[in-house]
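S.K.: Got a structure for you, written out below as structure tokens; questions coming shortly.
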Amino acid sequence: MKTLKLKNHFPLAFLFLIIGLFYSCSEKSDSHIEADKHIFGLASIIELQGDETIILLNDYFHSKALPQIDSVSVHSSLRSDLSTDNSVLIVSARSLIIPIISELKIWINGKPHSLLMRVPLKNYHSFVFDPDNKRYRSVALKGEMTDWMPLPMNMIDGVWQLNMQLDPGEYEYLFVADGNEVIDIGNPDKVSNNTNGFNSVVQIGNLNTSDLPQIYPTRSRGRKVNIQLVNEIDEVFVLWQNFRLTGRQVQINGSTLQLSIPHLASGEKRSHLRVVAKGPMGISNDLLIPLEYGKPLLNPDLLMREDFEATIMYFLMVDRFFNGNTDNDMRVDDPDVSPRANYFGGDLDGVLQKLKEGYFSELGVNAIWFSPISQNPLDAYVEFPEPRRKYTGYHGYWPVSLTTIDHRFGTDETLGELVTLAHQKEISVLLDFVSNHVHEDNPLIKDNPEWITPIELPDGRKNIRLWDEQRLTTWFDEFLPSLDFENPMVVKTMVDSAYYWVDRFQLDGFRHDATKHVPINFWRELTKKMKEEKMYIENKRLFQIGETFGSRELIKSYIGSGLMNGKFEFNLYWDARAVFALNDQSFKRLDYSLHQTFNYYGYQNLMGNITGNHDMPRFISYAGGDLNFEDDNSQVGWEREVGVGDPVGYKKLSALTAFSLTIPGIPVIYYGDEIGIPGANDPDSRRPMIFENLSPRQLLVKETLQKLTHLRRTNLALTFGNFTTLKVSDQEYVFARTYFENRVIVIFNKSDQPKQISFDLPTWYRGLDYKSHFNGEFLNQSVKMNVSVPAYGFEILTYR
């Protein structure tokens with residue numbers, strides 16, 4: 001045997017030394033990171049409010065982690081004060097200049113958990129009403145900035161004034177002078193209110209987004225990720241889960257950000273990178289990059305049911321979907337009840353049958369939300385407002401029991417089988433839960449009459465349907481008392497009732513009804529219970545999405561760690577509905593509204609982008625013109641048969657659906673919209689579902705939806721990609737989404753004529769071989785693209 005001399009080993013030994021030093025440095029850079037057992041999921045960004053912000057740490061951390069908090073640190077322009085029990089953190093300003101985004105570090109056992117904090121870009125604006133020598137007893141401002149509630153103004157120097165701090169944006173408003181609504185005659189800008197009138201509109205702040213920092217992922221090799229930086233950037237925040245990456249893990253080389261994913265991530269089936277940047281002009285778009293065992297997820301086949309970001313939701317009303325068991329049919333025998341307000345026989349067996357037949361899988365959805373199924377009353381009831389029609393509880397929103405399935409809908413066994421089969425098909429199941437109110441026959445309030453809010457107001461009025469004036473106490477009807485959530489026992493009872501459904505049937509979460517009418521403390525307690533008794537223990541994500549009609553400011557207050565994951569984006573839907581249905585509405589309105597959504601909820605949000613729902617007229621009837629925006633949309637459905645009108649409504653419905661399925665957020669398809677069922681408002685918007693003898697136009701709408709869902713589920717740019725507007729005009733709208741080497745370009749034409757739509761391509765979209773998915777011809781000229789788009793149509797180009 002030949003003996004090797006040491007000098008012959010030196011190069012190899014030196015190589016081992018270098019490798020050892022590299023891994024030592026790499027492990028050292030990971031030393032502040034651990035598998036996060038103190039925060040479930042990703043901590044939401046904290047909005048700093050004025051001079052002082054109160055942060056409830058149990059919203060973010062498990063209650064058992066709070067005693068282990070060592071210390072807290074914030075930016076030098078801020079001060080932090082932690083309560084003695086570590087449950088409350090108060091962050092206040094110590095300087096007039098505070099970074100628009102900064103890091104809050106919560107140290108637990110020597111490890112810093114990073115939470116991001118941002119400062120809203122508020123602008124001062126003075127609203128002025130000139131009485132023009134007329135005398136008024138009172139003047140108020142009402143508009144989007146006040147949730148359309150009158151806010152009193154003050155008489156100063158001969159004019160009525162009100163100063164407000166508002167986020168950048170456009171706001172519709174009116175003045176209320178001695179009870180009469182009037183537009184602002186001093187402001188020439190106004191828009192239609194879709195009810196034969198106008199609202200004044202004012203622009204606050206700078207709405208130009210072109211100079212903001214932009215970031216998008218470009219390359220991934222193993223645990224290395226490249227992010228492209230566009231426009232001037234001061235600082236980049238990169239988080240793996242809830243730990244900030246620093247040092248060698250984050251390197252900026254020119255306009256490229258190079259990231260090294262922590263070694264610890266390789267032990268996690270699913271974790272996430274989050275990236276956001278700030279510059280002198282503001283905050284960039286936010287990135288969310290899912291990781292599969294420590295590497296960026298690039299194959300959509302690896303997405304799981306619990307990847308809520310990839311959800312395509314289908315909403316059905318159980319009674320109106322499909323009758324799978326005629327033995328449980330039981331209509332209310334009352335001649336005063338119109339058939340449309342009575343039971344039709346749909347049930348859980350019907351949903352299960354369609355699940356077995358593959359209807360939902362063929363449609364391309366991976367989540368089902370169905371209407372409430374708890375026991376409702378056996379009789380019909382007269383509603384409070386005129387014309388005082390009589391209804392049954394076919395919809396499920398009048399619970400006489402909190403934990404019993406209505407015998408007309410099915411049994412525990414049927415629901416259990418449905419959920420089990422759905423999970424086998426990688427479909428999530430969400431239940432519509434009613435927490436705000438119960439029916440007057442519910443034993444809960446029969447046994448505890450003090451658990452409800454007063455129906456009589458001090459001024460003698462009944463506290464019924466005063467949605468904004470008495471938001472947290474108003475009743476939905478005389479027989480539907482609202483619960484008093486100031487009572488701790490009410491909170492506990494309703495939290496336990498909701499949790500029962502998730503725990504008993506292994507549901508994947510909730511759609512919550514009427515959430516703005518329930519105080520936030522209830523949502524906080526429910527989410528805490530779901531996290532600490534289900535999510536942490538089973539390592540299972542549960543999804544909560546809520547219904548709130550109101551300003552984006554109000555809606556946002558119900559979203560975040562410790563609260564709900566998202567809400568339905570009704571404000572965006574109102575604009576999308578108008579733009580796609582009405583020929584005179586500009587795409588500029590829609591693009592502006594979408595960017596307002598990003599400003600409030602982030603680019604990577606879990607807001608529900610609906611095609612319609614059960615509380616409003618069907619979109620297609622507006623789009624086809626058989627229903628006008630000026631109509632009394634509740635009354636007209638009782639007076640005549642509302643149809644589609646002009647068949648162009650089918651094309652417009654597909655265009656709206658394409659928009660919902662290609663923007664960030666969660667697409668939500670209302671049953672019947674996949675084939676274009678028409679209708680006025682409730683109950684006409686709740687017609688029975690149709691499965692057979694579909695017309696050629698209905699079949700085309702359905703086939704188009706199936707192509708769109710397939711595109712979204714197979715192209716990660718439509719789930720996790722950033723968003724860039726490439727062109728917007730009155731009749732043309734082009735936007736693009738990027739996720740690593742995936743590119744998607746979406747083109748809309750709302751003209752009544754086919755168009756050749758031309759637009760410039762950003763650098764990172766040039767020189768690629770695109771594919772058309774809806775048969776449109778296109779000419780790729782490297783720096784410019786020219787696409788043929790049919791009238792009222794759209795095209796989608798992809799590159800992978």
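The values are calculated or read from the model by the stated rules, or taken from the named source; none is laboratory data. Remember, predicted model here, so these are calculated numbers, not experimental data. A quick note on method: Cβ atoms are made from the backbone with ideal geometry, for glycine too, and the neighbour counts reach across all protein chains shown. Please note that ligands, DNA and RNA were not included when accessible areas were found on the heavy atoms of the full protein model with its side chains. Shrake-Rupley method; radii C 1.70, N 1.55, O 1.52, S 1.80 Å.
S.K.: Which of rounded, prolate or oblate describes segment 442-570 when judged by the alpha-carbon gyration tensor and an a/c cut-off of 1.5?
M.R.: Here segment 442-570 falls in the oblate category.
S.K.: Separate question: Mind pulling up the Rg/Rh value for segment 612-676? Radius of gyration and Kirkwood radius, both on Cα.
M.R.: 0.99
S.K.: Report the dimensions of segment 170-213 along its three principal axes from the alpha-carbon atoms, largest first, rounded to Å.
M.R.: 46, 21, 16
S.K.: Also: Over the Cα atoms of segment 112-153, what Rg and Dmax result, in angstrom?
M.R.: 17.9, 63
S.K.: Expressed in whole Å with the largest first, what are the equivalent ellipsoid semi-axes of segment 512-581 derived from the C-alpha gyration tensor as the square root of 5 times each eigenvalue?
M.R.: 28, 14, 8
S.K.: Among Lys784, Lys492, Lys64, Lys652, what's the order by accessible area (1.4 angstrom probe), most exposed first?
M.R.: Per-residue accessible area, sorted high to low, gives Lys64, Lys492, Lys784, Lys652.
S.K.: Return the carbon/sulfur percentage of the accessible area of segment 122-280, one whole number, probe 1.4 Å, all protein chains in place.
M.R.: Carbon-and-sulfur percentage of accessible area, whole number: 45.
S.K.: As a test question: what accessible area, to the nearest 10 Å², does Lys707 have when a 1.4 Å probe is rolled over all protein chains in place?
M.R.: Rounded to the nearest 10, that gives 80 Å².
S.K.: May I ask you to give the percent of accessible area on segment 316-445 that is carbon plus sulfur, with a probe radius of 1.4 Å? Present the calculation step by step, with values, prior to reporting the outcome.
M.R.: Details: 2220 of 4560 Å².
Summing carbon and sulfur atoms, their accessible area is 49 percent of the total for segment 316-445.
S.K.: Pull up all non-local amide H partners of Glu235: gap of 5 or more, or a different chain, and H-to-H distance under 5 Å with H placed in the peptide plane.
M.R.: Excluding prolines and chain starts, which carry no amide H, the hits are Lys278.
S.K.: Can you tell me the order of 698-704, 777-783, 587-593 when each peptide is scored by its average per-residue count of other Cβ atoms within 10 angstrom, highest first?
M.R.: Descending packing order for the listed peptides: 587-593, 698-704, 777-783.
S.K.: For the pair Glu692 and Val191, how long in nm is the line joining their label points, each one 7 Å along Cα→Cβ?
M.R.: For the pair Glu692/Val191, the computed spacing is 4.6 nm.
S.K.: With a 1.4 Å probe and every protein chain left in place, work out the accessible area per residue of the chain in Å², rounded to a whole number.
M.R.: For the chain, the solvent-accessible area averages 42 Å² per residue.
S.K.: What does the convex hull of the Cα atoms of segment 384-495 come to per residue, in Å³, rounded to a whole number?
M.R.: 147
S.K.: What is the sum of charges around Gly649, taking Lys and Arg as +1, Asp and Glu as -1, for the other residues whose C-beta is under 14 Å from the C-beta of Gly649?
M.R.: Cβ neighbours under 14 Å give a net charge of +2.
S.K.: Just how much of His62 is accessible, in Å², when a 1.4 Å probe is used and the result is rounded to the nearest 10?
M.R.: My reading of the accessible area for His62 is about 30 Å².
S.K.: Report the Cα centroid-to-centroid distance between segment 368-394 and segment 165-184 in angstrom, as an integer.
M.R.: That distance is 36 Å.
S.K.: Same structure again: How would Asp329, Asp319, Asp336 rank on accessible area, largest to smallest, probe 1.4 Å?
M.R.: Asp336, Asp329, Asp319
S.K.: What ranking of Lys516, Lys529, Lys727 comes out by heavy-atom accessible area, probe 1.4 Å, highest first?
M.R.: Listed by decreasing accessible area, they come as Lys727, Lys529, Lys516.
S.K.: To the nearest 20 Debye, how big is the dipole of the chain about its Cα centre, given +1 on the beta carbon of each Lys and Arg and -1 on that of each Asp and Glu?
M.R.: 4060
S.K.: May I pose another question? For Lys356, give me every one of the aspartates and glutamates with a C-alpha distance below 15 angstrom, ignoring sequence neighbours fewer than eight places off in its own chain.
M.R.: Qualifying aspartates and glutamates at Cα under 15 Å: Asp347, Glu417, Glu426.
S.K.: Right, something else. Tell me which of Ile283, Asn325, Leu229 sits at the most positive position along the dipole axis of segment 221-349, charges placed on C-beta atoms (Lys, Arg +1; Asp, Glu -1).
M.R.: With unit charges placed on the Cβ atoms, the residue in question is Leu229.
S.K.: Across all directions of projection, what mean area in square nanometres is found for the Cα convex hull of segment 312-392?
M.R.: Result: a mean projected hull area of 6.5 nm².
S.K.: Something else: Mean Kyte-Doolittle of at least -1.0 plus a Cα span of 30 Å or more along the axis: flag which DSSP H helices in the chain meet both, please.
M.R.: 6-29
S.K.: Another question, then. Given the DSSP H assignment, sum -39500 (n - 2.57) over each helix run of at least 4 residues in the chain and divide by its residue total; what's the result at 222 nm in deg cm²/dmol, nearest 500?
M.R.: Counting only the DSSP helices, I get -6500 deg cm²/dmol.
S.K.: Size of the chain along its principal axes in angstrom, Cα-based, largest extent first?
M.R.: 105, 68, 59
S.K.: So, one more: In whole Å, how far is the Cα centre of segment 64-127 from that of segment 724-800?
M.R.: Between the Cα centres of segment 64-127 and segment 724-800 lies a distance of 43 Å.
S.K.: Using only Cα atoms, locate the centre of segment 191-236 and the centre of segment 420-487, then give the distance between them in Å, rounded to an integer.
M.R.: 38
S.K.: Same structure again: Going by the alpha-carbon gyration tensor, a ≥ b ≥ c the square roots of its eigenvalues, is segment 495-534 rounded (a/c under 1.5) or, if a/c is not under 1.5, prolate (a/b greater than b/c) versus oblate?
M.R.: It comes out oblate by the Cα gyration axes.
S.K.: What order do you get for 738-746, 761-769 when each peptide is scored by the mean count of other beta carbon atoms within 10 Å, highest first?
M.R.: Most protected by this proxy first, the peptides run 738-746, 761-769.
S.K.: Using a cut-off of 26 Å between alpha-carbon atoms, which lysines can reach Lys224, once sequence neighbours fewer than 8 places away in the same chain are excluded?
M.R.: By straight Cα distance, Lys224 reaches Lys28, Lys37, Lys105, Lys111, Lys269, Lys278, Lys295.
S.K.: Related question: Pull up all non-local amide H partners of Ile452: gap of 5 or more, or a different chain, and H-to-H distance under 5 Å with H placed in the peptide plane.
M.R.: Under 5 Å from the amide H of Ile452: Asp484.
S.K.: So, one more: Taking the highest mean first, how do the peptides 304-313, 542-551 order by number of other beta carbon atoms within 10 angstrom per residue?
M.R.: The most tightly packed comes first, giving 542-551, 304-313.
S.K.: Tell me, what is the percent relative contact order of the chain, built from C-alpha pairs under 8 Å that lie six or more residues apart? Mind showing how you got there, number by number?
M.R.: Numbers: 1665 pairs, mean separation 68.9, N = 800.
RCO, the chain: 9 percent.
S.K.: Still on this model: Contact order normalised by length for segment 59-111, with contacts defined as Cα pairs under 8 Å and 6 or more residues apart; what percent is it?
M.R.: Contact order relative to length: 43 percent.
S.K.: With contacts defined as alpha carbon pairs under 8 Å and 6 or more residues apart, what's the relative contact order of segment 415-568 in percent?
M.R.: On the way: 213 pairs, mean separation 35.5, N = 154.
Worked out over segment 415-568, it gives 23 percent.
S.K.: Now a separate question. Rounded, prolate or oblate: which fits segment 722-797, taking a ≥ b ≥ c as square roots of the Cα gyration tensor eigenvalues, rounded meaning a/c under 1.5, else prolate when a/b beats b/c?
M.R.: Judged from the Cα gyration tensor, segment 722-797 comes out prolate (a/c at least 1.5, a/b above b/c).
S.K.: For segment 602-642, what does the equivalent ellipsoid look like in terms of its semi-axes, each the square root of 5 times an eigenvalue of the Cα gyration tensor, given largest first in whole Å?
M.R.: Largest first, segment 602-642 gives 28, 11, 8 Å.
S.K.: Mean projection of the alpha-carbon convex hull of segment 135-251 over all orientations, in nm²?
M.R.: Values: hull surface 51.4 nm².
Averaging across all directions leaves 12.8 nm² for the Cα convex hull.
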